[in-house]
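A short write-up of the structure that comes next.
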């Protein structure tokens, strides 16, 4: 069962075959969406559904390119007080450019919806592969962890905290490399923030305690993720969120016997209650993580250039292949009442 974040839920994306195609397709989308002409944009399937948003696989009929179109109901965004998170997501995705992060091409709004046009990443969620296998081998977990470290290091260099690392938010492209998606909780930080957001099993202690948090929460979440990838379940789980929070704050770890000695040491250093002593959050930052013994076989120069060989290559027949995702019915979701002009004012720059 997929785990929803405390606030903001949605995901999905793909890698267009060329930048030139993508740029041309985006221009066509701009014209088509503003005119709302059905002959310009073709909706193929609903890739993901959430509290107030859905991600549609769409195709530009002119260029034949596939994209993920995230549509969010403005009344629901306002009702759930998610205006700032939506603006944060746009701000972050507009600024970043990295091989392991999903790309945003264009944003727009009409009287009912906010739109974000992104890559369609057609290999499916890491979550699906983890659930089907039960758990990953040490080498598989090592590969994904290395690419995630590269992505986190890049985000932190931009003073961005991701805040929602989990298997459900990691997509695989057609070659098997990762893309982090769903930046609804991401935020540009100069110091600390106090918003309670994220997925219960992955929350750092400082978030639960409302002490104010920063980029250290992403390294805590990576420790939880590595544990879950290799064990098949997260280190702190319970039937209800409060039980999970109690276990996180207690900080007691019980490792499965099969885990490698060095990976257990790495996880322990990530899951440190005192963030000042947490690996990745000390003086040398991500370099301390890269130098850990568990990563000794990784050539870090090869990671961002996508030269490591992916351990899982998704079965993808073509760019618009949807077989690696669940499909949801469109129903009447797209029909909605236009919002008042005063509410639209909040999103005038979206």
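Some observations on this one:
- Residue list for the stretch 34-51, filter: buried (at least 20 other Cβ atoms within 10 Å of the Cβ) and either at pLDDT 80 or above or over 20 Å from residue 123 (Cβ atoms) (or both): 41
- For the stretch 155-190, the set of residues classified as over 23 Å from residue 319 (Cα atoms), in a helix (DSSP H, G or I) and touching a residue at least 60 places away in the same chain (Cβ under 8 Å) consists of 155, 156, listed by residue number.
- Verdict on residue 327 being in contact with a strand residue (DSSP E or B) (Cβ under 9 Å, 6 or more places away or on another chain) and at pLDDT below 95: yes
- Of residues in the stretch 288-316 being outside any loop (DSSP other than H, G, I, E, B) and within 22 Å of the chain's Cα centre (by Cα), the one surrounded by the fewest Cβ atoms within 10 Å (Cβ to Cβ): 290
- Only one of 332, 345, 319 that is loosely packed, with under 12 Cβ neighbours inside 10 Å, at pLDDT below 95 and in a loop (DSSP other than H, G, I, E, B): 332
- Residue within the stretch 85-94 that is assigned to a loop (DSSP other than H, G, I, E, B), under 17 Å from the mean Cα position of the chain (by Cα) and at pLDDT below 95 present: no
- Some residue of the stretch 170-181 being farther than 23 Å from residue 66 by Cβ, crowded, with 22+ Cβ neighbours inside 10 Å and over 8 Å from the mean Cα position of the chain (by Cα): no
Here's the yes/no breakdown for (1) surrounded by fewer than 18 Cβ atoms within 10 Å (Cβ to Cβ); (2) at pLDDT 55 or above; (3) farther than 30 Å from residue 237 by Cβ; (4) touching a helix residue (DSSP H, G or I) at 6+ places or on another chain (Cβ under 6 Å):
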site	(1), (2), (3), (4)
12	no, no, no, no
20	yes, no, yes, no
25	no, no, yes, no
53	no, yes, no, no
66	no, yes, yes, no
81	yes, yes, no, no
102	no, yes, no, no
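- Among the candidates 253, 259, residue that is in the same structural domain as residue 275 (by TED's automatic domain parsing), part of a loop (DSSP other than H, G, I, E, B) and buried (at least 16 other Cβ atoms within 10 Å of the Cβ): 259
- Among (1) surrounded by fewer than 19 Cβ atoms within 10 Å (Cβ to Cβ); (2) assigned to a strand (DSSP E or B) - the single one residue 117 does not satisfy: (1)
- Filtering the stretch 226-239 for residues that are surrounded by fewer than 14 Cβ atoms within 10 Å (Cβ to Cβ) and more than 20 Å from residue 131 (Cα to Cα) leaves an empty set.
- Conditions (1) closer than 23 Å to residue 234 by Cα; (2) buried (at least 18 other Cβ atoms within 10 Å of the Cβ); (3) without any contact (Cβ under 8 Å) to a residue 40 or more places away in the chain; number of the one not met by residue 132: (2)
- Selected residue (only one of 214, 223, 198 is surrounded by fewer than 23 Cβ atoms within 10 Å (Cβ to Cβ) and out of contact with any strand residue (DSSP E or B) (no Cβ under 6 Å at 6 or more places or on another chain)): 214
The values are calculated or read from the model by the stated rules, or taken from the named source; none is laboratory data. Note that the structure is a prediction, hence the values are computed from the model and not measured. Counting neighbours? That spans all protein chains shown, and the Cβs are built from the backbone with ideal geometry, glycine included.
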